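Presented below is the structure to which this report refers.
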Amino acid sequence: MVPILSLSAPELERWLAEHDQPAYRAKQVWAWLGRGATSFEEMKDLPKPLREQLATDFVATSLRPLAVSEADDGLTTKTLYELDGGHSVEAVVMRYTDRSTLCISSQAGCPIGCPFCATGKFPFGRNLKSNEIVEQAVDAQRLLAREGRRLSHVVFMGMGEPMANYRSVVDSVRRLADPELLGISPRRIVLSTSGLIPRIEQLGGEKIPVTLAISLHAARDELRDELVPINRKYPLTELIAATQAYGEKTGRRVSYEWVLLAGVNDTERDAHELGALLKGKLAHVNLIPFNPVEGTPYHAPSRAQVRAFKEMVEAQGLNVTVRDTRGREADAACGQLHERVMRSRAEKGPPRNQGEASDSAGTPAGVG
Ligand code: SAH
Ligand code: SF4
């Protein structure tokens with residue numbers, strides 16, 4: 001079955017014309033999906049025969065929820081989805097007083113292989129199609145709509161390297177921003193990347209001013225080669241130049257992410273190197289305390305170490321914040337619920353048949 005979101009607006013209009021329906025019906029369909037509809041049946045302002053025809057030809061989503069976990073007293077919800085073909089990805093909804101943010105996946109697995117990251121530990125699966133990316137957001141909106149909330153921000157910080165799935169990611173950003181669907185302003189969308197320079201340059205030409213976040217983690221090539229292996233191909237000086245050029249072109253302040261690994265990149269030397277790299281640049285540093293991943297040699301820093309490093313970076317004249325560690329109880333760091341499910345699958349075999357939850361936006365399996 002064809003996922004409705006795999007059709008562009010003109011394609012849906014064409015299908016409607018073939019079924020003797022006016023083009024404005026497309027807007028109605030997108031609006032329902034944008035409000036979190038999970039079936040065509042619910043789309044009450046469409047004629048019944050049209051709803052039935054849509055249900056014959058399309059599915060509202062291709063994602064099948066496999067597991068859901070909650071944390072922070074229900075403020076954080078993480079869902080693991082099975083994709084067509086059997087790979088799985090995760091997305092995390094984080095509720096705040098003034099906004100609701102979705103952390104979204106762009107690939108099943110990741111080809112970059114950073115040694116501290118749970119996602120990088122599994123063999124790379126596949127790129128997500130743009131509709132599979134957008135469907136994560138539509139499903140989050142479904143969840144939030146029930147609570148009288150609206151999805152307001154999207155960060156590409158789930159599984160995968162968005163710049164290694166460039167075309168689908170850019171298409172999905174345009175779709176997320178479409179006022180007829182979810183209407184999330186590109187300024188409220190963050191693309192986080194390990195630093196694929198040619199794609200950063202290409203993104204600057206797309207005229208979608210998304211916020212760029214660079215996963216820096218080290219400010220000397222020798223250490224970054226180890227922590228973010230793509231650095232061997234795209235080293236620091238060139239990466240910063242490309243990133244700052246993106247910032248100037250789009251008028252967006254760039255964020256630099258720094259996962260704090262105790263004793264590895266949280267020393268005075270690291271703070272000095274970071275200062276030297278970014279001094280005088282329009283940039284923001286985001287410190288992320290490491291969320292421990294089994295089987296890696298890394299450890300989370302203590303609160304005192306985090307505070308000390310923040311002060312050292314501030315002393316360099318840089319703008320710096322510590323990211324809150326939302327969702328730790330829900331294993332919400334990059335790839336960890338996925339890891340747990342993968343492990344239990346390896347032990348027990350596949351948990352259930354494919355197709356069992358074909359209306360994937362319904363109550364997710366395993367939630368109770
Ligand atoms: N591949 C992209 C986006 C997904 S990862 C990237 O690397 O930027 C999103 C962020 O989570 C990155 O900054 C990444 O370094 C960080 N991250 C990965 N594993 C983590 C962990 N165990 N604890 C804390 N942050 C982690
Ligand atoms: Fe991939 Fe990002 Fe994880 Fe590195 S940190 S392995 S680039 S998902």
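The values are calculated or read from the model by the stated rules, or taken from the named source; none is laboratory data. None of the values given here were measured: they were computed from a predicted structure. All Cβ positions, even for glycine, are placed from backbone atoms using ideal geometry, and neighbour counts span all protein chains on display. These area figures cover heavy atoms from the full protein model, side chains too; ligands, DNA and RNA do not enter into them. Shrake-Rupley method; radii C 1.70, N 1.55, O 1.52, S 1.80 Å.
Quick one: count up the residues across segment 72-91 that are crowded, with 17+ Cβ neighbours inside 10 Å and without any contact (Cβ under 8 Å) to a residue 40 or more places away in the chain.
Final tally of qualifying residues: 1.
Given the conditions (1) of a type outside the set (S, T, N, Q); (2) within 22 Å of ASP171 (Cα to Cα); (3) modelled with pLDDT of 95 or more, and given that LYS207 satisfies all but one, which numbered condition is not satisfied?
(3)
Given the condition under 24 Å from LYS233 (Cβ atoms), in contact with a Pro (Cβ under 9 Å, 6 or more places away or on another chain) and charged (D, E, K, R), answer yes or no: does some residue in segment 140-161 qualify?
Yes: segment 140-161 contains one or more residues that are under 24 Å from LYS233 (Cβ atoms), in contact with a Pro (Cβ under 9 Å, 6 or more places away or on another chain) and charged (D, E, K, R).
Scan segment 141-187 for residues that are within 13 Å of VAL92 (Cα to Cα), touching a residue at least 60 places away in the same chain (Cβ under 8 Å) and away from ligand 2 (no atom under 16 Å from the Cβ) and jot them down.
GLN141, LEU143, LEU144
Can you tell me which residues in segment 142-156 are buried (at least 24 other Cβ atoms within 10 Å of the Cβ) and either in a loop (DSSP other than H, G, I, E, B) or away from ligand 1 (no atom under 16 Å from the Cβ) (or both)?
The answer is LEU151, and nothing else.
Quickly run through segment 94-127 and pick out the residues that are touching a strand residue (DSSP E or B) at 6+ places or on another chain (Cβ under 6 Å) and within 16 Å of ligand 1 (Cβ to nearest atom).
MET94, THR101, LEU102, CYS103, ILE104, SER105, SER106, GLN107, ALA108, GLY125, ARG126, ASN127
Got at least one residue in segment 58-66 being open to solvent by less than 20 Å² (accessible area, probe 1.4 Å) and under 25 Å from GLU257 (Cβ atoms)?
Taking every residue of segment 58-66 in turn, none turns out to be open to solvent by less than 20 Å² (accessible area, probe 1.4 Å) and under 25 Å from GLU257 (Cβ atoms).
Limited to segment 8-31, what total is found for residues that are open to solvent by less than 50 Å² (accessible area, probe 1.4 Å) and either part of a helix (DSSP H, G or I) or touching a Ser or Thr at 6+ places or on another chain (Cβ under 9 Å) (or both)?
10
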